[in-house]
Amino acid sequence: MKKIAYLLFTLTFLITACEGEQGPPGFDGQDGAIFEGQSFERTIDFTSTNNYQETIEIPLDLYLDDSDMVLVYHLKGQVDGFDVWKSLPETVYVNSQEEFQYNYEHNFDFVTIFIESHPTFDFNLLLDDERINQTFRIVILPIEFVNSSDVDINDYESVMEFVE
């Protein structure tokens with residue numbers, strides 16, 4: 001009786017173990033590729049000469065696909081020896097009535113980081129600490145990875161876990 005039960009169990013396992021559709025691909029990518037983010041930093045100045053914007057070319061040694069997500073983070077300073085980054089767009093309040101934003105836009109090869117506000121904003125209100133030697137980190141993430149994970153793109157630390 002034990003032999004018959006064992007034989008039935010083995011046959012049942014073999015017959016049912018190989019049925020069904022293939023599951024979705026894992027997080028390691030398609031065709032063996034590994035989804036890893038890439039990043040680089042630039043320090044720029046916002047002046048009236050450059051119309052308070054700077055266009056940065058994405059380095060040629062970084063792989064960029066049309067569907068990749070480009071994110072930009074602004075270095076705010078350090079706390080306890082660790083860098084503090086803020087995602088763009090970032091609103092800065094000059095006083096109780098005035099504000100501006102660090103913002104960005106990108107196309108395939110370039111990222112433009114700029115300061116924007118309402119049309120009558122007085123850019124002379126900006127302090128040098130808000131315009132000069134501003135460091136930004138540009139992060140490129142494959143959209144397949146962003147869509148297939150629960151990464152919070154507004155949380156710098158969460159994003160950087162997936163960047164080389």
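The values are calculated or read from the model by the stated rules, or taken from the named source; none is laboratory data. What you see is a predicted model; the values in this text were computed from it and never measured. All Cβ positions, even for glycine, are placed from backbone atoms using ideal geometry, and neighbour counts span all protein chains on display. Surface areas here come from the heavy atoms of the whole protein model, side chains and all, with no ligands, DNA or RNA. Shrake-Rupley method; radii C 1.70, N 1.55, O 1.52, S 1.80 Å.
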_Cβ-derived FRET efficiency at R0 41 Å, D122 paired with Y63, nearest 0.05_ = 0.45
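Quick check: at a probe of 1.4 Å, how many percent of the accessible area of segment 64-112 sits on carbon and sulfur atoms? Please report the intermediate quantities before stating the final value.
Numbers: 1320 of 2920 Å².
Answer for segment 64-112: carbon and sulfur cover 45 percent of the accessible area.
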*Calculate the spin-label point distance for S39 paired with E157, positioning each point 7 Å from the Cα along the beta-carbon direction, and give it in nanometres.*
1.3 nm
*Per Stokes-Einstein, at 4 °C and 1.567 mPa s, what whole-number D in µm² s⁻¹ belongs to segment 38-144, with the Kirkwood radius over Cα pairs as the hydrodynamic radius?*
87 µm²/s
_Ranked packing of 88-98, 132-142, most packed first, by mean Cβ within 10 Å_ = 132-142, 88-98
_Simple spin-label estimate for N133 and L88 in nanometres, 7 Å along Cα-Cβ_ = 2.0 nm
*For segment 42-82, with every protein chain kept in place, what is the accessible area per residue (1.4 Å probe, Å²)?*
64 Å²
